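Structure first, commentary second.
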(Lines give C-alpha, C1' and ligand atoms only; values in the text may rest on other atoms or scores of the structure.)
Protein backbone atom coordinates (compact mmCIF):
# COMPACT_ATOMS: atom_id res chain seq x y z
CA UNK A 1 0.00 0.00 0.00
CA UNK A 2 1.15 3.50 -0.55
CA UNK A 3 2.44 5.44 2.42
CA UNK A 4 0.19 8.45 1.86
CA UNK A 5 -2.78 6.41 3.05
CA UNK A 6 -1.81 6.67 6.70
CA UNK A 7 -1.29 10.43 6.44
CA UNK A 8 -4.88 10.97 5.30
CA UNK A 9 -7.52 8.88 7.05
CA UNK A 10 -10.49 10.07 5.01
CA UNK A 11 -10.75 12.26 1.97
CA UNK A 12 -13.82 13.92 0.53
CA UNK A 13 -12.94 12.00 -2.63
CA UNK A 14 -13.60 8.68 -0.85
CA UNK A 15 -16.69 7.64 -2.77
CA UNK A 16 -18.51 4.37 -2.22
CA UNK A 17 -19.05 2.71 -5.58
CA UNK A 18 -20.08 -0.63 -7.02
CA UNK A 19 -17.15 -3.00 -7.41
CA UNK A 20 -16.03 -3.96 -10.90
CA UNK A 21 -13.96 -6.81 -12.32
CA UNK A 22 -10.74 -4.81 -12.10
CA UNK A 23 -11.28 -4.56 -8.29
CA UNK A 24 -11.31 -8.32 -7.65
CA UNK A 25 -7.56 -8.69 -7.05
CA UNK A 26 -7.34 -5.79 -4.58
CA UNK A 27 -10.53 -6.93 -2.80
CA UNK A 28 -8.98 -10.36 -2.39
CA UNK A 29 -5.69 -8.91 -1.07
CA UNK A 30 -7.59 -6.84 1.49
CA UNK A 31 -9.82 -9.72 2.59
CA UNK A 32 -6.98 -12.25 2.70
CA UNK A 33 -4.93 -9.97 4.95
CA UNK A 34 -7.69 -9.98 7.55
CA UNK A 35 -8.46 -13.67 7.01
CA UNK A 36 -4.81 -14.46 7.83
CA UNK A 37 -5.31 -12.66 11.16
CA UNK A 38 -8.46 -14.70 11.89
CA UNK A 39 -10.71 -11.62 11.72
CA UNK A 40 -12.58 -12.79 8.66
CA UNK A 41 -13.31 -15.96 6.78
CA UNK A 42 -11.28 -16.25 3.58
CA UNK A 43 -13.06 -15.76 0.26
CA UNK A 44 -11.75 -17.21 -2.97
CA UNK A 45 -11.34 -15.22 -6.15
CA UNK A 46 -14.13 -17.34 -7.65
CA UNK A 47 -16.44 -16.47 -4.74
CA UNK A 48 -15.64 -12.76 -5.00
CA UNK A 49 -16.32 -12.79 -8.75
CA UNK A 50 -19.58 -14.71 -8.26
CA UNK A 51 -20.72 -12.11 -5.70
CA UNK A 52 -19.12 -9.03 -7.26
CA UNK A 53 -22.48 -7.34 -7.86
CA UNK A 54 -23.00 -7.28 -4.07
CA UNK A 55 -19.69 -5.54 -3.30
CA UNK A 56 -19.19 -1.84 -2.68
CA UNK A 57 -15.69 -0.38 -2.57
CA UNK A 58 -13.77 2.79 -1.84
CA UNK A 59 -10.61 3.21 -3.90
CA UNK A 60 -7.55 5.41 -3.94
CA UNK A 61 -5.11 5.28 -6.82
CA UNK A 62 -7.21 2.48 -8.35
CA UNK A 63 -6.64 0.28 -5.29
CA UNK A 64 -9.47 -0.87 -3.05
CA UNK A 65 -8.89 0.53 0.45
CA UNK A 66 -12.29 -0.47 1.87
CA UNK A 67 -14.96 -2.95 0.87
CA UNK A 68 -18.12 -4.63 2.00
CA UNK A 69 -20.94 -6.61 0.48
CA UNK A 70 -24.67 -6.93 0.97
CA UNK A 71 -25.76 -10.48 0.31
CA UNK A 72 -29.38 -11.59 0.43
CA UNK A 73 -30.69 -14.75 2.06
CA UNK A 74 -34.33 -13.91 1.40
CA UNK A 75 -36.14 -10.81 0.13
CA UNK A 76 -36.59 -9.97 3.84
CA UNK A 77 -33.06 -10.63 5.15
CA UNK A 78 -29.65 -9.46 3.93
CA UNK A 79 -26.19 -9.63 5.49
CA UNK A 80 -23.31 -7.20 5.58
CA UNK A 81 -20.29 -9.37 4.73
CA UNK A 82 -16.62 -8.90 3.98
CA UNK A 83 -16.47 -5.46 5.59
CA UNK A 84 -12.83 -4.43 5.72
CA UNK A 85 -10.74 -1.27 5.64
CA UNK A 86 -7.04 -1.17 4.82
CA UNK A 87 -5.07 -1.51 8.09
CA UNK A 88 -3.13 1.71 7.44
CA UNK A 89 -6.28 3.83 7.56
CA UNK A 90 -8.60 1.84 9.81
CA UNK A 91 -10.71 4.02 12.10
CA UNK A 92 -11.11 6.88 9.63
CA UNK A 93 -14.82 6.42 8.90
CA UNK A 94 -14.55 4.43 5.66
CA UNK A 95 -16.20 1.32 7.13
CA UNK A 96 -19.10 3.50 8.27
CA UNK A 97 -19.45 4.93 4.74
CA UNK A 98 -19.59 1.43 3.26
CA UNK A 99 -22.18 0.18 5.77
CA UNK A 100 -24.35 3.28 5.40
CA UNK A 101 -24.31 2.72 1.63
CA UNK A 102 -25.23 -0.94 2.08
CA UNK A 103 -28.11 0.00 4.42
CA UNK A 104 -29.44 2.45 1.82
CA UNK A 105 -29.15 -0.26 -0.83
CA UNK A 106 -31.10 -2.65 1.41
CA UNK A 107 -33.82 -0.02 1.95
CA UNK A 108 -34.04 0.61 -1.80
CA UNK A 109 -34.53 -3.12 -2.33
CA UNK A 110 -37.27 -3.36 0.30
CA UNK A 111 -35.24 -5.53 2.68
CA UNK A 112 -36.73 -5.66 6.18
CA UNK A 113 -33.69 -6.72 8.18
CA UNK A 114 -29.92 -6.42 7.78
CA UNK A 115 -27.65 -8.58 9.90
CA UNK A 116 -23.92 -9.10 10.34
CA UNK A 117 -21.65 -11.45 12.21
CA UNK A 118 -18.81 -9.49 13.75
CA UNK A 119 -16.03 -9.30 16.30
CA UNK A 120 -16.70 -5.57 16.71
CA UNK A 121 -20.39 -5.21 17.66
CA UNK A 122 -19.77 -1.68 19.02
CA UNK A 123 -19.09 -0.47 15.47
CA UNK A 124 -22.48 -1.73 14.34
CA UNK A 125 -24.24 -0.48 17.48
CA UNK A 126 -23.23 3.08 16.51
CA UNK A 127 -25.14 2.53 13.25
CA UNK A 128 -28.33 1.37 15.00
CA UNK A 129 -27.77 -2.40 15.04
CA UNK A 130 -28.54 -4.41 18.18
CA UNK A 131 -26.89 -7.59 19.40
CA UNK A 132 -29.08 -10.66 18.90
CA UNK A 133 -28.84 -14.43 19.15
CA UNK A 134 -27.44 -16.07 15.99
CA UNK A 135 -30.16 -18.71 16.16
CA UNK A 136 -32.72 -16.25 14.76
CA UNK A 137 -30.95 -16.52 11.38
CA UNK A 138 -31.50 -20.11 10.22
CA UNK A 139 -30.99 -18.86 6.65
CA UNK A 140 -27.42 -17.91 7.54
CA UNK A 141 -26.64 -20.81 9.85
CA UNK A 142 -27.83 -23.57 7.54
CA UNK A 143 -26.87 -21.83 4.32
CA UNK A 144 -23.35 -20.58 5.07
CA UNK A 145 -22.26 -21.23 8.65
CA UNK A 146 -22.77 -24.98 8.52
CA UNK A 147 -19.85 -25.16 6.06
CA UNK A 148 -17.52 -22.99 8.16
CA UNK A 149 -14.58 -24.47 10.02
CA UNK A 150 -15.72 -22.45 13.07
CA UNK A 151 -19.26 -23.82 12.98
CA UNK A 152 -19.02 -25.76 16.26
CA UNK A 153 -17.17 -22.95 18.08
CA UNK A 154 -18.29 -19.74 16.42
CA UNK A 155 -17.11 -16.72 18.38
CA UNK A 156 -18.67 -14.04 16.19
CA UNK A 157 -21.45 -11.84 17.54
CA UNK A 158 -24.69 -11.40 15.60
CA UNK A 159 -26.09 -7.91 15.14
CA UNK A 160 -29.35 -6.86 13.50
CA UNK A 161 -30.82 -3.67 12.08
CA UNK A 162 -34.58 -3.63 11.45
CA UNK A 163 -35.44 -1.43 8.49
CA UNK A 164 -39.22 -1.86 8.49
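Numbers for the structure displayed
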quantity	calculated
Subset of the stretch 45-59 [touching a helix residue (DSSP H, G or I) at 6+ places or on another chain (Cβ under 8 Å), without any contact (Cβ under 8 Å) to a residue 40 or more places away in the chain and either within 13 Å of residue 85 (Cα to Cα) or surrounded by fewer than 18 Cβ atoms within 10 Å (Cβ to Cβ) (or both)]	45, 49, 52
Members of the stretch 86-99 that are over 24 Å from residue 134 (Cα atoms), in contact with a helix residue (DSSP H, G or I) (Cβ under 9 Å, 6 or more places away or on another chain) and not in a loop (DSSP other than H, G, I, E, B)	87, 88, 89
Matching residues in the stretch 51-62 - criterion: being over 13 Å from residue 31 (Cα atoms) and part of a strand (DSSP E or B)	56, 58, 59, 60
Hey, residue 83 outside any helix (DSSP H, G or I), under 20 Å from residue 37 (Cα atoms) and in contact (Cβ under 8 Å) with a residue 12 or more places away in the chain or not	yes
The stretch 110-155: number of residues that are at pLDDT below 95 and in contact with a helix residue (DSSP H, G or I) (Cβ under 8 Å, 6 or more places away or on another chain)	11
Qualifying positions in the stretch 106-134 - assigned to a strand (DSSP E or B) and exposed (fewer than 14 other Cβ atoms within 10 Å of the Cβ)	130, 131
Odd one out for residue 102, checked against (1) surrounded by fewer than 17 Cβ atoms within 10 Å (Cβ to Cβ); (2) assigned to a helix (DSSP H, G or I)	(1)
Boolean, residue 30 is modelled with pLDDT under 95, assigned to a loop (DSSP other than H, G, I, E, B) and within 14 Å of the chain's Cα centre (by Cα)	no
Failed criterion for residue 38 (all others in (1) within 26 Å of residue 155 (Cα to Cα); (2) in contact (Cβ under 8 Å) with a residue 24 or more places away in the chain; (3) loosely packed, with under 13 Cβ neighbours inside 10 Å hold)	(2)
Count - residues of the stretch 60-73 that are more than 17 Å from residue 104 (Cα to Cα), out of contact with any helix residue (DSSP H, G or I) (no Cβ under 6 Å at 6 or more places or on another chain) and at pLDDT below 95	3
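The values are calculated or read from the model by the stated rules, or taken from the named source; none is laboratory data. Being a predicted model, the structure only gives us computed values, none of them experimental. A quick note on method: Cβ atoms are made from the backbone with ideal geometry, for glycine too, and the neighbour counts reach across all protein chains shown.
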